[in-house]
Amino acid sequence: MTHDYRALIANPEVDAVYIAVPHHLHTEMYVAAIEAGKHLLGEKPFGIDKPASDAIAACIAKHPKVFVRCSSEFPFYPAVQQLGDMIEKQAFGRIIEVNTGFLHSSDLDPNKPLNWKRMVEFNGRYGVMGDLGMHACHVPFRAGWTPRNVRAVLSDIVKQRPDGKGGTLPCTTWDNATLLCEAADGSGSGGDAFPWTVKLQRIAPGQKNTWYCEVLGTRAAARWSSANAKLLEVLHYTPGGPQVWGQVQTGYEPAYKTVTGPIFEFGFTDSILQMWASFLDEMANGPPKRKFAGCVRPDEVALSHRLFTAALESHDSGRTVQV
């Protein structure tokens, strides 16, 4: 693997690379690509832990002409773009509460063989947070909602799995994580604090591969789940008036227009193409016009590592930890 990727980044005809490898290889390969002058779209979490991420950040700082972003597909769903527009327009008023998460059932079967995501030496101590966390953080971070502190509960549910050779091996990473954060609203509505709950689960009965976002404010509320990806639920209200949830059916109305008409449905593979379009657009033309149409920035990656590192300390100590 090592000689193959070095040959790729040494190719003068290659201007940009997308690197998706296990977490323990991020620092080596990302740094090599950046130092070779290749624009980089890398997979989360951008380093197996905070020191590894810090090393990538230091390399980025030394090569300001290299464009670097992190992957996260879900904000490119049309319904989430509309939710993002509401945030930009400050339609929610003062934020009361935010709930985001990524839930799936990939590890619900205890007979599923062990793979690298269940091995701490390859996945890292973050466990499920490193694998799924950025998806749940992308929209809040882009909104300017910064976690001040966190109280985390991490769960090791299936403690061993088949090794594929007739035996078993221990699972050494966290399966599920629930984080309760006190977040600060830096989006322009006064910097008030509010609770932000993040749920990240590989073992979520009843789920398949579900990302969700709920924002509750003093003037409006909105919620979306990829379990019903076309549907954005919105609540607008006035003092003393009725509170009625409305349903907005979104079509193929992404951040980057395509030949597909708006009457058709948008899916996960479309969100990946939108993410790549965003990366190439920002690399060539600068920040996109729509705030929530951009890929994860290095500063947002750095914030995720501060959050997940604090979450590990919180779980170990049983107390709330500053981020």
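Every read-out reported here was derived from the displayed coordinates using simple, explicitly stated rules and does not represent laboratory data. These figures come from a predicted structure and were not determined experimentally. Counting neighbours? That spans all protein chains shown, and the Cβs are built from the backbone with ideal geometry, glycine included.
Some notes on this structure:
- The calculated 222 nm mean residue ellipticity attributable to helices in the chain amounts to -10000 deg cm²/dmol, summing -39500 (n - 2.57) over DSSP H runs of n ≥ 4 and dividing by all residues.
- One decimal place: the segment Arg297-Asp85 gains 74.4 nm when fully extended, by the rule 0.36 nm per residue minus the C-alpha distance.
- A crude spin-label estimate for the pair Leu231 and Arg94, with each label 7 Å from Cα along the Cβ direction, gives 3.2 nm.
- Shown here: semi-axes √(5λ) of the Cα gyration tensor in Å, derived from the displayed model; of the candidates [x] 35, 21, 20; [y] 31, 26, 20; [z] 40, 20, 19, it corresponds to [y].
- Efficiency of FRET from Cβ geometry, Phe268 and Asp109, R₀ 22 Å, rounded to 0.05: 0.55
- When the Cα gyration tensor is reduced to axis lengths a ≥ b ≥ c, the ratio a/c is 1.5 or higher for segment 64-182, and with a/b above b/c it is classed as prolate.
- Computed FRET value (nearest 0.05) for Gln160 with Lys289, which takes r as the C-beta separation and R₀ as 35 Å: 0.10
- Mean Kyte hydropathy of -1.0 or more with a Cα span along the axis of at least 20 Å, helices from DSSP in the chain: 128-143, 268-285, 298-317
- Once the chain from Gln247 to Leu25 is taken as fully extended at 0.36 nm per residue, the excess over their C-alpha distance is 75.6 nm.
- Descending by average beta-carbon neighbour count within 10 Å, the peptides 239-245, 176-182 line up as 176-182, 239-245, the highest first.
- Of the GluC sites (Glu not before Pro) in segment 243-323, those whose Cβ has at most 16 other Cβ within 10 Å and which sit in DSSP loop: Glu265
- Computed extension gain for Leu8 through Thr168, at 0.36 nm per residue and net of the alpha carbon distance, reaches 53.9 nm.
- Among Asp281, Asp185, a tally of other beta-carbon atoms within 10 Å of each Cβ gives an order, fewest to most, of Asp281, Asp185.
- Projecting the Cα atoms of Phe67, Pro12, Ile48 onto the dipole axis of segment 2-70, where Lys and Arg carry +1 and Asp and Glu carry -1 at the beta carbon, places Phe67 farthest toward the positive end.
- FRET efficiency for His63 and Gln322, using Cβ-Cβ distance with R0 set to 30 Å, rounded to 0.05: 0.45
- Spatial separation of Cα centroids for segment 1-69 and segment 252-323, in angstrom: 18
- Looking at segment 189-280, the trypsin sites (Lys or Arg not before Pro) that sit in a DSSP loop and have at most 10 other Cβ atoms within 10 Å of their own Cβ are Lys257.
- Under the simplified labelling scheme, the Asp192-Val120 pair shows an inter-label distance of 4.2 nm, with each label point 7 Å from Cα along Cα→Cβ.
- Exceeding the 32 Å Cα-Cα cut-off - candidates Lys38/Lys159; Lys38/Lys112; Lys62/Lys199; Lys62/Lys289; Lys112/Lys199: Lys38/Lys159; Lys38/Lys112; Lys62/Lys199
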